[in-house]
1. Please verify whether residue 75 is outside any helix (DSSP H, G or I), at pLDDT 85 or above, within 14 Å of the chain's Cα centre (by Cα) and farther than 19 Å from residue 51 by Cα, treating the condition exactly as stated.
2. Please determine, by comparing only the residues of segment 80-98 that are outside any helix (DSSP H, G or I) and either within 12 Å of the chain's Cα centre (by Cα) or over 16 Å from residue 48 (Cβ atoms) (or both), which one is modelled with the highest pLDDT.
3. Please work out which residue is surrounded by the most Cβ atoms within 10 Å (Cβ to Cβ), limiting yourself to segment 33-51 and to residues that are closer than 18 Å to residue 87 by Cβ and either touching a residue at least 40 places away in the same chain (Cβ under 8 Å) or within 13 Å of the chain's Cα centre (by Cα) (or both).
4. Among the numbered criteria (1) part of a helix (DSSP H, G or I); (2) surrounded by 15 or more Cβ atoms within 10 Å (Cβ to Cβ); (3) at pLDDT 90 or above, which single criterion is violated by residue 69?
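The values are calculated or read from the model by the stated rules, or taken from the named source; none is laboratory data. Quick caveat, the model's predicted, so the values are computed rather than measured. Counting neighbours? That spans all protein chains shown, and the Cβs are built from the backbone with ideal geometry, glycine included.
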């Protein structure tokens with residue numbers, strides 16, 4: 001798994017490439033905690049290059065969402081692949097996160 005970070009209009013954009021499993025989810029969790037600790041409460045996670053996410057990865061995103069909301073922000077998810085979208089549907093993510101297919105739309109809203 002690779003995570004790239006950039007900032008657009010004071011919104012942290014994280015691009016995740018590869019698989020997020022029990023091992024790599026620790027890196028995702030640390031990155032999200034660091035981003036929140038740095039004062040970014042609006043986070044967009046770009047998923048078009050993510051090939052798999054395990055329950056541990058889902059927990060990392062849920063933790064970040066809960067923390068961001070408590071700080072007045074949110075985590076938005078963008079462009080999940082069909083496989084990842086299916087996992088999110090099964091997990092009920094569409095009720096917990098704003099999920100779009102367009103990065104510009106997620107950053108501008």
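1. Details: outside any helix (DSSP H, G or I): yes; at pLDDT 85 or above: yes; within 14 Å of the chain's Cα centre (by Cα): yes; farther than 19 Å from residue 51 by Cα: yes.
Criteria met by residue 75.
2. Taking segment 80-98 first, the residues outside any helix (DSSP H, G or I) are 80-81, 92, 96-98.
Still in the list and also either within 12 Å of the chain's Cα centre (by Cα) or over 16 Å from residue 48 (Cβ atoms) (or both): 80, 92, 96-98.
Numbers: 80: 93, 92: 82, 96: 86, 97: 88, 98: 86.
Restricting to residues being outside any helix (DSSP H, G or I) and either within 12 Å of the chain's Cα centre (by Cα) or over 16 Å from residue 48 (Cβ atoms) (or both), the top hit is 80.
3. Here the answer is 45.
4. Going through (1) part of a helix (DSSP H, G or I); (2) surrounded by 15 or more Cβ atoms within 10 Å (Cβ to Cβ); (3) at pLDDT 90 or above one by one, residue 69 breaks only (2).
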